[in-house]
Amino acid sequence: MGMIKEFREFIARGNVVDLAVGVIIGGAFGAIVKSLVDQVVMPPIGLLTSGVDFSKLEWVLKPADPVAKKAAVTIGYGAFLNTVIQFLIVAFVVFLMVKLVNSVRRKEAEAPAPPAAPTPTEALLAEIRDELRKR
């Protein structure tokens, strides 16, 4: 029973839940970026390069052998190029997010701290001072 309770406490911690949310949102964001690259960014680039579909570009190291039913051995550099572009987009968005968080933190650090409330001793001394001024 102790292990189940310990596991439940581990899962209920804020850091674990935040991490899980981050991973789920990151996966969804990755799918959006993949769609953006494959369906929005690469088609115009392919059009500019005479209709080349970058995801299909590959170097054939060994052609397919239909008689022996062996597939071709290829290096898919076009798919790799798409992945590099996806990475650059994700890295740029993460950079912008970190920059935003850092600027917010700097503004919070620059904001003057509100004056501290007087301690009970200081409050008592202020009352004594005020009474002496009245006399």
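Solvent-accessible area of Asp18, probe 1.4 Å, all protein chains present, reported in Å² to the nearest ten, please.
Its accessible surface works out to 100 Å², give or take rounding.
If you compute Rg/Rh (Cα atoms, Kirkwood Rh) for the structure shown, which of (i) 0.92; (ii) 1.40; (iii) 1.03 do you land on?
Label of the calculated value: (ii).
Express the carbon and sulfur contribution to the solvent-accessible surface of the stretch 1-66 as a percent, rounded to the nearest whole number, probe 1.4 angstrom. If you can, show how the numbers build up before the last one.
Working: 3840 of 5470 Å².
Ligands and nucleic acids excluded, carbon and sulfur give 70 percent.
Roughly speaking, what is the stretch gain from Ser50 to Phe95, that is 0.36 nm per residue apart minus the C-alpha to C-alpha distance, in nm to one decimal? Numbers along the way, then the final one.
Numbers: separation 45, 0.36 × 45 = 16.20 nm, distance 3.33 nm.
Answer, rounded to one decimal: 12.9 nm.
Where the only charges are on Cβ atoms (+1 Lys, Arg; -1 Asp, Glu), what is the dipole of the stretch 45-135 about its Cα centre, to the nearest 20 debye? Before the final figure, lay out each step's value.
Numbers: 12 positive and 9 negative charges, 17 e Å.
Dipole size: approximately 80 debye.
So for the chain, averaging the separation of alpha carbon pairs under 8 Å that are six or more residues apart and normalising by length, what relative contact order in percent results? Provide the component values of the computation, followed by the final result.
Numbers: 65 pairs, mean separation 20.6, N = 135.
It comes to 15 percent, rounded to a whole number.
Could you state the angle between the C-alpha long axis of helix 2-12 and the longest principal axis of the C-alpha atoms of the chain, as a value from 0 to 90 degrees rounded to the nearest 10?
Long axis of 2-12 versus the principal axis of the chain: about 90 degrees.
Just grab the label-to-label distance for Val67 and Leu19, each label 7 Å out from Cα along the Cβ direction, in nm (one decimal).
About 5.7 nm separates the two model spin labels.
Taking the Cβ-Cβ separation of Val60 and Thr83 as r and a Förster radius of 22 Å, what is the calculated FRET efficiency to the nearest 0.05? Walk me through the numbers on the way to the answer.
Values: r = 20 Å, r/R0 = 0.91.
Computed FRET efficiency for Val60 and Thr83: 0.65.
Counting heavy atoms of the protein chains only and a 1.4 Å probe, report the per residue accessible area for the chain as a whole number of Å². Before the final figure, lay out each step's value.
Numbers: 11660 Å² over 135 residues.
Normalised by residue count, the accessible surface of the chain is 86 Å².
Using modelled backbone amide H atoms (1.01 Å from N, in-plane), which distant-in-sequence or interchain residues come within less than 5 Å of Thr74's amide H?
Distant-sequence amide H within range of Thr74: Leu61.
Starting from 0.36 nm per residue, how many nanometres of slack lie between Glu122 and Lys134 once their C-alpha separation is accounted for? Intermediate values should be presented prior to the final figure.
Details: separation 12, 0.36 × 12 = 4.32 nm, distance 1.85 nm.
Between Glu122 and Lys134, full extension yields an extra 2.5 nm.
If you rank Val23, Val73, Val93 by how much accessible surface each has, with a 1.4 Å probe, what is the order from largest down? Don't jump to the answer; show the numbers that get you there.
On the way: Val23 95, Val73 70, Val93 45 Å².
Largest to smallest exposure gives the sequence Val23, Val73, Val93.
Can you give the calculated 222 nm mean residue ellipticity of the chain, where each DSSP H run of n ≥ 4 adds -39,500 (n - 2.57) and the sum is split over every residue, rounded to the nearest 500 deg cm²/dmol? Write down the numbers at each step before the final one.
Details: 5 runs with 90 residues, N = 135.
After summing the helix terms and dividing by the residues of the chain, the value is -22500 deg cm²/dmol.
In the stretch 73-119, what percent of the accessible surface is made up of carbon and sulfur (1.4 Å probe, ligands and nucleic acids excluded)? Show your work: numbers first, answer last.
Numbers: 2870 of 3860 Å².
Its accessible area is 75 percent carbon and sulfur atoms.
Once both axes come from the Cα atoms, what is the angle between helix 14-36 and the longest principal axis of the chain, in degrees from 0 to 90, rounded to 10?
Roughly 40 degrees, rounded to the nearest 10.
Report the FRET efficiency, 1/(1 + (r/R0)^6), for Ile75 and Lys5, where r is their Cβ-Cβ distance and R0 is 41 Å, rounded to 0.05.
Numbers: r = 52 Å, r/R0 = 1.27.
My answer for the efficiency is 0.20.
The values are calculated or read from the model by the stated rules, or taken from the named source; none is laboratory data. In this text the structure is predicted, and so the values were computed from the model without any measurement. All Cβ positions, glycine included, derive from the backbone under ideal geometry; neighbour counts span all protein chains shown. When the accessible area is computed, the model is the full protein with side chains, heavy atoms only, and any ligands, DNA or RNA have been set aside. Shrake-Rupley method; radii C 1.70, N 1.55, O 1.52, S 1.80 Å.
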